[in-house]
Structures are given as C-alpha cells and as structure tokens.
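Take a look at the structure below.
The values are calculated or read from the model by the stated rules, or taken from the named source; none is laboratory data. Owing to the predicted nature of the structure, the values given are computational and were not obtained by experimental measurement. A quick note on method: Cβ atoms are made from the backbone with ideal geometry, for glycine too, and the neighbour counts reach across all protein chains shown. Ligands, DNA and RNA are excluded from the accessible area calculation, which covers all protein heavy atoms including side chains. Shrake-Rupley method; radii C 1.70, N 1.55, O 1.52, S 1.80 Å.
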Amino acid sequence: MHHCLEITEVARRIASYMDGENAYHLAITCKSLLEPCLDKIWWQVDSFEPLISCLPDDLWLDAGTQPRGNDTVTILDLRRELNSTDIHRYVTYYAPRTRSFAFNISEGMRTLSIQALHNLQLLTRCQSGAFSPKLKNFIWGSVDRLVALVGSDYAQQFFPVLISLFMGKQVEKFSGVLQPEDPISLKVAVHSGLQICEASLREVWIVGGEFAARCLESFSWETLDTLTVHYLNIALLPLLTSPPRLRNLEMAFSVVSGAPSPHIPTTRPAKSLETFKSLQSLKISMPKGELSVRQIFPYIPRTKALRSLQWHFGLAHVAATTCQDFVKALEEHADRMDLVRMELHSNLWQGSQSEALDMDHERIDFSPLQVFRNLEILSIGLPYTLHVTPAVIADIPICWPRLRHLHLCPFLSTSCPPSINHTHILDLSQRLPGLEALGIQFDATWVTGQEGVVGQPSQLRRLHVGRSPICSPSAVLSLLRSNFPKLKSLRIHYTARPKDDGLFKERWQAVAEGLEEVQTLP
C-alpha cells in the first residue's frame, strides 16, 4: 500500500467520493482505511435498519406486518428486555459518526415497536440525540405515508421518540414538513427538538407557516443564518424579522381562495432597527401575485445589506401592469438595497391562447432597474416582451458594467419581431467582457455567415435565444463559431402558443446540433 494512504486526510478525501457500498468494500481492504470509510458509511442514517443490524438477533419478535399494496412495514417487538450492553457498541462506536438523519419510509422497511422505542429511551436516560450525538442535519418528510402504513395511533407515539433519539444539541440544519392536520405529538416533539438545538441551529427549512411562526415566537434564534418557509400567511411576516443574524430568507406565501389578504402596514415598523438588519438574500414566491413589493420593503432597513432579490409570481397569470409596478417599486426602494443579483419570474402562463388578430402588444420597461449599478446577474422571465431596443442595448454596458449573466427572454412565444439584430448582440458581448450567459431574442434573419470575428473573442458560454427569428442555421452557426469560441450551451426553450409552427425552433435546433458536433471534435 502506498504511504500516502496512511495519511488520514488523504484517506478521508478518498472515502468522501464513494457511496456506502463501495466505502464498505474499501473499509475491509486495510486498517488505515477502515475508520474513514466507516465515517462515510455512517454519515447518513435514514431508518432504524442500521441500529437493528447492530443489536443481538435474539432481541426481536416479529410483532406483525402492515401491508398496503406493494409496501410492507415490519414492526419488531422485544423478545426480552434490552440492556445497556446491547446498545453499547452502537452508541459509542457508530452513533458519533452520523452527521445527517433523514427518516425514509420505504418498501420492506423494518421499524421498532413503541415498547422497544421507549426501552431505548430509558436506556439512554432520555438524552436528546443519544443515537447521533454529533448530528448536524435533521430531515423530516411528510408523515402521511407512515400514518397510512402503520396507523395514526402508532405514528403519534413514534414521532416524539424518534426525534428524541436522533435530534441533539449540535444540529445545525433542520428540514421538515408540518401541516396543520399533523398529530399534535409531532409538532410538540419538533418544537422541543428545535429548542434543544437552538444555540447551534443555522439553517431551517419548513413547509408549514403556522408552525414556523410559533417557533419564531418561542425562540431567540441568535445563530440562525438561513430560513425557508413555505405556505406562509402574509400576516405572519413581521415574525420573520426577529432572528438578528438572518442573512438568507426564502418565503412562499399561501393564498386561501376567497379570503381577504391580511393587512400589512406600508409604513415603517416601530422597531425599525431590529428588522432584517443582516438580510443579504431574499427570495419570495406568491401564487397569485397579490403581494406587493411595497408590503415587504418597509421591513428592510436602509443599510443596503440586501444583495440578492428573487421574486416569483407563482402559478397564475400576472398582468403586465403588475410587473411594471413591481419594477417601479424597486426603483422607489433602491436606497435599501445594493443588489448584485435580481430575478423576476412568473412560472406559468395559464391559458396560453393564440394571439389576437388585432393585438395590443404589451412591453415591460425595465429601465428603472438602472439605479442598481452593481448588478452582476439580471434575469427577467415573464410572459411579456421586454422593451429591448438598440438604444437600450447601448445603455446596458454603461448602467451594468459588471454583468456576468443577463436574461431578458420572455418564456411565451410572440409574433412581434425583436427590435435588435445580431450586430447588437456582438456589440453587447464586446462591451461586457465578463458576460458568460446571455438570454435575449434578436433578429438573426440577416446573418450571412460572412461577418467574421468582431473584436476580441467573447467569454460567452451560454446563449438562450427563445423564439428569435432565423433563416439560415449554417450562417448563424458560422457566426457563433467565429465570435463565441467558448460557447457550450445554446437554449431555445420557450412556451409556444397554439398557432406557433415551430419552424424557428427547428432551425435553432440545427444550430445547437452543429455546435455539439464542433465540441466533440478532437
């Protein structure tokens, strides 16, 4: 064996690239690799199977199975009393290696009876996290499937014991789904577990806004850095301002059909110095677009700490006036942000009907965003065409000289021709030397293939053209090869209207295939 494999750091690095099975085979090859490979094998635990495998075989009595279709859960009960000797090796040798616990309900799984679980609790003196004392990441999924397989009575007693055994003081990240209809015992157990690890907790991901709000009211969250809350009621927004070191916040608001939106003050909160004072990244998703940016920014202090803003209008139609108002509101609150990244998207166009014969074409003017001079990433994906003219293209390098990623493509096809052509794209790439990704619609019908190299070779690696008009794939391919030698990806994706014949997409696909052929050449 090479001497370098005796270096602990090298052995751990090798083991880190392996899955559990390969790490197991490597562990039995030599003594110096045993410990690093065991650390890898036990890094994540997702069931009681590892514990069951480490305990004596004579402990268990099959308490019965719970079949549901192709799924079967076997519940093991105690044949005799558990003692400390039975669990000594697991608790002292294997449990300290576990860093992630993600309980997974899978076909053919084995679990323990409630009596056996309580016996384990008593043997560990009800110490929180006794079976994973150095755990960093605790993941909890939906409880519906477990309830369906083993029944609600078992599940209600199971949750508190499971959390008690595996969730200890050193947990830094918690992920969980907690719905209003979930058992109270689960909510109490998770709340208690979060309280135990509060001093070390840095990241929380919760589906269930009401439960998240209750936890935010209960703890100080002094160390919390990242918070993600889904199905959040807008009325609970002020509670999310309390963590003093919160830098990253993602909120997905819920909307109850027919219920009025709770009132959120548009004036400055009373404790202005205590609201989101450390916030650097904000991501918001609103299913129907009712939430106005003016309802959020009163909670953002004028420290200009906010560097990233991602706003998703969700799964419903968003009016052009709403999008334009959002852009204008950002300009009004520019004194609260020093944005490096901005994304404005709508995920779905409901009813992408054909364009009207006499079409009132709606364009979004994004020039108010020019106040954010330090932008490096600007991505706008809406069902409307942006107001992109030659004059706008000329202003972009002046207003945003640091741009690395610029995306201005509408995701819904339109018959309106772009106002810019390939010459403007070439000029933009020359004046933005750091540009690596570009998404923009332009008129490529005038490309001849004889343009040659314009200026210095661009650093562009990704190009998204949407429904850009194109006549000659071979001519466009020649242009891209000459001026974008580092181009690796050409995307044409967009949502086509019913009468879109798809000819432009076929031609761009031919260009993409030509680029792939060039990349495979030796």
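Counting only residues that are open to solvent by less than 60 Å² (accessible area, probe 1.4 Å), under 21 Å from H230 (Cβ atoms) and outside any helix (DSSP H, G or I), the stretch 168-196 holds 9 of them. Restricting attention to the stretch 282-295, which residues are buried (at least 19 other Cβ atoms within 10 Å of the Cβ), at pLDDT 80 or above and within 20 Å of A334 (Cβ to Cβ)? Within the stretch 282-295, L282, I284 qualify. Scanning the stretch 76-112 for residues that are surrounded by fewer than 12 Cβ atoms within 10 Å (Cβ to Cβ), under 19 Å from T124 (Cβ atoms) and of a type in the set (D, E) yields a total of 1.
Could you tell me whether H493 is open to solvent by 40 Å² or more (accessible area, probe 1.4 Å) and either touching a His at 6+ places or on another chain (Cβ under 8 Å) or under 30 Å from V371 (Cα atoms) (or both)?
Working: open to solvent by 40 Å² or more (accessible area, probe 1.4 Å): yes; either touching a His at 6+ places or on another chain (Cβ under 8 Å) or under 30 Å from V371 (Cα atoms) (or both): yes.
Considered against the rule, which asks whether it is open to solvent by 40 Å² or more (accessible area, probe 1.4 Å) and either touching a His at 6+ places or on another chain (Cβ under 8 Å) or under 30 Å from V371 (Cα atoms) (or both), H493 comes out as yes.
Would you be able to say whether some residue in the stretch 490-509 is assigned to a strand (DSSP E or B) and more than 29 Å from the chain's Cα centre (by Cα)?
As a first pass, look at the stretch 490-509 and keep what is assigned to a strand (DSSP E or B): 490-491, 495.
From what is left, the residues that are more than 29 Å from the chain's Cα centre (by Cα) are none.
No - not one qualifying residue is present in the stretch 490-509.
Report whether or not T85 is farther than 21 Å from L194 by Cα and in a helix (DSSP H, G or I). It is true that T85 is farther than 21 Å from L194 by Cα and in a helix (DSSP H, G or I). Just one residue in the set L279, L339 is part of a strand (DSSP E or B) and modelled with pLDDT of 90 or more; that residue is L339. Applying the criterion of being closer than 21 Å to T448 by Cα and touching a Phe, Trp or Tyr at 6+ places or on another chain (Cβ under 8 Å) to the residues of the stretch 477-504, the residue that is modelled with the lowest pLDDT is I492.
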